[in-house]
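Everything below concerns the one structure shown next.
What follows is calculated from the coordinates using simple rules that are stated; it is not laboratory data. Note that the structure is predicted; figures quoted are calculated from it, not measured. Neighbour counts run over all protein chains shown; Cβ positions are idealised from the backbone, glycine included.
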Amino acid sequence: MKQDDVFQTIDDVFLENERTDILTAVDDAGDDSSGDASGGARNGGGGDGAPGAGGAGGSNGGTPGDGGSGSPERRSLASRRSTSDTVFRTVAFTAGATTVGIMLAVGLFLSIRAGSALEVAGIGFLFTQEWSPETKQFGIAAVLFGTVTIAVIALIVGFPLALGTALLLSEVVRGRLRSFMVSLVDLMAAVPSIVFGLWGVFFLQENIIPVAEWISRYFAWIPFFAVTGEDGSTLTEASAFTSSAFIAGIVVGLMVVPTQASVMREAFSQAPVGEREGAFALGATRWGMIATVVLPFGRGGIIGGTMLGLGRALGETIAVYMIISPIFVINWEVLKTGTNSVSALIALRYGEASEFGLSALMAAGLVLFLITLVVNFTASSIVARSRSGAESL
Amino acid sequence: MSTTFPTRPDAPEADAHTDFLDAVDFEPPTRIPSPEGVEIGPRRTLRTATLDERFNVVGALAGGLAIATLLFGWIGPLSGIVGWFVVAFLAFVGLYVLLVSLRSDWQEVKDRVATVLMISAGALLFGALVFIVVYTLVRGSEALPFLNFFTQTMELTGPLDPLSSGGILHAIVGTLIQISIALAITVPLGITTAVFLNEIGGRFARFVRTIADAMTALPSIVAGLFVYAAIIQLVTHQRSGFAAAMAITVMMLPIVIRASDVVLRLVPGNLREASYALGTSRWRTVWHVVLPTARSGLVTAVILGTARGIGETSPVLLTSGITAVMNVNPFSGPMISLPLQVFDFVRSPEPNMIARGFGTAAVLILLVLGLFIIARMIGGKGPGQLSDRQRRAAKLDSIRDLQRITMLDDRIARGEYPPRVLPTVQTEAAPSPAAPSAPPTAPPTADPS
């Protein structure tokens with residue numbers, strides 16, 4: 001239906017209304033039938049246009065007649081739904097229900113299939129480091145620890161970068177450069193993770209090893225940064241530093257920075273202009289204004305954005321899978337070769353898994369899903385409850 | 001039945017009519033002070049740095065680089081480009097603090113250092129991200145010049161064959177087929193769900209929104225595992241392009257719903273209310289008002305979801321299977337896609353295969369980049385924001401509507417407009433009895449602007 005038709009219909013309704021006013025003035029003393037007839041005529045007039053308008057006209061047409069018969073009756077204000085509206089509501093409702101159906105199917109299927117493995121493993125599933133479902137000895141302690149390690153390193157790398165970039169984009173850079181850089185950040189969020197993985201394996205790995213060696217040499221007194229062999233001796237050769245949680249964490253950190261930065265920038269840019277100007281008027285420097293107005297205002301955005309990034313970092317698969325060399329023991333030394341993550345475990349073992357092994361993998365996936373779910377929901381509720389508001393998310 | 005309002009036959013052009021609207025108020029206009037005789041000085045640029053400040057930055061930078069080079073070259077046992085960079089940066093910040101604090105108080109030092117840190121964070125991030133992309137493109141440029149890279153498959157090519165043999169046509173076709181199936185499901189379902197969330201609402205809609213939000217947290221590998229166990233193991237018993245498309249759909253659907261939901265929420269409420277006030281039904285309001293207003297945002301949402309879906313590797317890894325031959329049937333046999341092909345290539349230790357892997361990754365990046373640029377061109381503006389041309393058209397439309405509604409033409413024809421009985425007019429004009437009723441001889445001359 002073209003726009004012209006709508007306008008024409010509206011004109012029709014206006015004119016018909018005028019005519020009916022004249023008719024009803026005459027009809028008031030008369031019988032009800034002519035009132036109904038005029039209502040019918042109006043239905044005919046509006047019928048070629050919007051059905052809703054026609055329906056509303058019909059219900060109006062009946063009223064003057066009721067008034068004439070002298071029995072004041074309370075009129076229902078609910079309008080009758082037109083056919084197209086009913087269809088529309090049904091279709092939209094079906095779409096919503098289908099979406100929920102798909103989503104619930106995923107969740108339920110995972111839970112049911114994971115159930116058989118969880119029954120066997122019990123609570124020990126969370127505390128066993130080994131992974132051999134064939135001998136019923138399996139648990140996600142090691143892989144979960146690796147996942148969290150990588151995600152924490154990613155946050156340590158990513159958070160300062162994201163915060164600085166978000167402040168830069170919202171407070172320092174202006175005009176065309178800003179909109180260009182904002183687009184660039186958004187673009188970077190869409191770069192496939194396999195590209196980051198390639199870069200991590202073929203470039204970062206060899207270039208970051210001297211740094212890792214340096215850290216382990218001077219900060220070995222911090223337990224995380226020591227790199228020791230089986231017998232407790234300190235390792236220094238380069239091969240002990242490859243494929244570590246440190247390298248995977250840096251790559252994943254760069255991957256999640258764009259997400260974090262764009263959520264933070266969104267929150268910062270909503271800081272009220274009046275308060276900014278007030279701070280400047282009181283003599284604040286730009287940093288003073290940021291520290292007293294922008295950062296407190298955007299605190300929800302900072303926390304929420306960081307946690308959204310954390311959620312992504314926990315679930316990242318392919319880049320981690322390409323970089324790490326998988327092990328199934330808890331490795332506290334983040335610079336040392338060997339770590340693991342839940343998603344890498346799934347990618348590694350799904351092919352050779354038996355029915356029961358698959359169920360164990362599902363249990364691992366379910367735990368990962370629950371963790372990211374909690375992280376994401378906490379993030380969005382923090383963002384929604386903060387001053388910077390529910391609009392941005 | 002259509003109604004046309006009578007127009008005066010000798011009516012001037014529509015533009016001239018609109019000038020009557022300005023003539024409604026006959027009060028003397030606001031007095032604007034004359035600019036004559038006021039001296040205008042040269043325009044001063046704001047936000048500029050003094051020479052002093054610039055020298056602080058340059059000096060600190062030079063000092064930092066020098067210290068790092070000294071430490072690494074002669075004195076310290078330090079090595080490695082990254083370490084040099086870190087030391088240089090720390091020395092730069094330290095020197096900068098020193099230089100600024102020579103002439104400024106603590107507050108200003110903090111401000112300068114914070115600005116420097118912000119700029120460095122941004123530069124580091126953009127540098128790293130651009131470097132990642134450029135690195136891939138440069139390493140991929142080894143394979144890209146070969147035309148056969150785009151026209152052949154890997155069916156007859158072994159790992160040791162030169163780059164002039166074999167290509168990734170099968171992966172390109174596979175990606176296109178998989179993403180098309182995923183889009184065919186995601187776009188109608190996602191946008192209709194978003195419309196449901198926004199236009200119908202209610203308790204169930206809130207539930208749907210919560211579930212969709214929850215699903216954005218689903219790790220992609222878990223989505224792949226679900227499809228692997230539910231579709232491949234139970235139904236089809238073989239990996240196929242369709243299964244991969246299903247996995248991509250499960251990943252993309254929450255993204256599209258969420259992005260469209262945000263866009264639809266931004267449609268101004270008064271547009272909807274105006275539509276309802278005209279007696280329009282809900283469906284027509286959605287179709288004629290809400291969706292057109294949000295069109296560019298919706299397209300952006302879909303394209304960004306597509307870019308994300310094309311790049312997904314892990315769900316495809318579990319579901320599509322790896323093959324070296326062309327397969328155009330999504331329902332039978334393995335069908336590889338671009339990201340998975342990259343993954344498969346770089347697992348080989350052969351340099352040629354790695355070069356092919358980077359070439360494939362470069363194609364993937366260019367594809368995502370292209371989609372992104374298209375999305376920006378279409379959807380750079382929020383809902384309801386018009387381009388200049390659209391704004392002019394809308395203005396003309398509303399002027400025409402106003403004329404139609406007030407029946408200005410008729411009133412002009414009858415000589416009732418503009419009103420002639422205002423005091424200023426009376427005092428200026430000679431009080432002749434015929435003057436009020438006399439039709440205006442000509443409309444006031446149109447403003448040339």
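With +1 on each Lys and Arg Cβ and -1 on each Asp and Glu Cβ, how big is the dipole of the stretch A:293-393 about its Cα centre, in debye rounded to the nearest 20? Before the final figure, lay out the partial values.
Values: 6 positive and 5 negative charges, 82 e Å.
About 400 debye.
Less than 5 angstrom separates the built amide H of residue A:137 from those of A:132, all sequence-distant by 5 or more or on a different chain. Across the stretch B:263-279, rounded Karplus estimates of 3J(HN,Hα) from the backbone phi angles (6.51 cos²θ - 1.76 cosθ + 1.60, θ = phi - 60°) give 5, 5, 5, 7, 5, x, x, 5, 5, 4, 4, 4, 5, 5, 5, 7, x Hz, Gly and Pro being marked x. Amide H contacts under 5 Å for residue A:228: A:235, restricted to partners 5 or more places along the chain or on a different chain, H placed in the peptide plane at 1.01 Å from N. Net charge around residue A:242, counting only other residues with Cβ within less than 13 Å of its Cβ (Lys, Arg = +1; Asp, Glu = -1)? Residues close to residue A:242 contribute a combined charge of -2. Site pair residue B:398 and residue B:98 shows an inter-label distance of 6.2 nm when each label is modelled 7 Å from Cα along Cα→Cβ.
Between B:162, B:178, B:104, whose Cα lies farthest towards the positive end of the dipole of the stretch B:72-181 when Lys and Arg beta carbons carry +1 and Asp and Glu beta carbons carry -1, centred on the Cα centre? Of the listed residues, the answer is B:104. Each residue, residue A:273 and residue A:74, gets one label point 7 Å from its Cα in the Cβ direction; the gap between the two is 5.0 nm. The amide H of residue A:339, built 1.01 Å from its N in the peptide plane, has A:325, A:327 as neighbours under 5 Å, considering only residues 5 or more places off or on other chains.
What FRET efficiency comes out for the pair residue A:104/residue B:407, r = Cβ-Cβ distance, R0 = 60 Å, nearest 0.05?
Working: r = 59 Å, r/R0 = 0.98.
After rounding, the FRET efficiency stands at 0.55.
Computed over the Cα atoms of the stretch B:167-221, pair by distinct pair, the Kirkwood hydrodynamic radius stands at 13.4 angstrom.
Per-residue extension of 0.36 nm, minus the Cα-Cα distance of residue B:49 and residue B:82, leaves a gain of 8.8 nm for this segment.
Could you tell me which of rounded, prolate or oblate describes the stretch A:262-307, using a ≥ b ≥ c as the square roots of the eigenvalues of the alpha-carbon gyration tensor, with rounded for a/c under 1.5 and, failing that, prolate when a/b is larger than b/c and oblate otherwise? Intermediate values should be presented prior to the final figure.
Values: a/c = 3.12, a/b = 2.27, b/c = 1.37.
It comes out prolate by the Cα gyration axes.
If contacts are Cα pairs under 8 angstrom and at least 6 residues apart, what is the relative contact order of the stretch B:169-385 in percent? Present the calculation step by step, with values, prior to reporting the outcome.
Numbers: 305 pairs, mean separation 67.4, N = 217.
Relative contact order for the stretch B:169-385 comes out at 31 percent.
Remark: the stretch A:243-249, residue by residue, has Karplus-estimated 3J(HN,Hα) of 6, 9, 4, 4, 5, 4, x Hz, where x stands for each Gly or Pro and the curve is 6.51 cos²θ - 1.76 cosθ + 1.60 at θ = phi - 60°.
A simple spin-label model places the labels of residue A:94 and residue B:390 3.1 nm from each other, with each point 7 Å out along Cα-to-Cβ. Using θ = phi - 60° in the Karplus curve 6.51 cos²θ - 1.76 cosθ + 1.60, the 3J(HN,Hα) couplings for the stretch B:227-239 round to 5, 4, 7, 8, 9, 6, 6, 8, 10, 8, 6, 8, 6 Hz; x is entered for Gly and Pro.
If R0 is taken as 25 Å, the Cβ-Cβ distance between residue A:206 and residue B:151 corresponds to a FRET efficiency of 0.15.
Computed on the stretch B:68-139, with alpha-carbon pairs under 8 angstrom and 6+ residues apart, the relative contact order is 20 percent.
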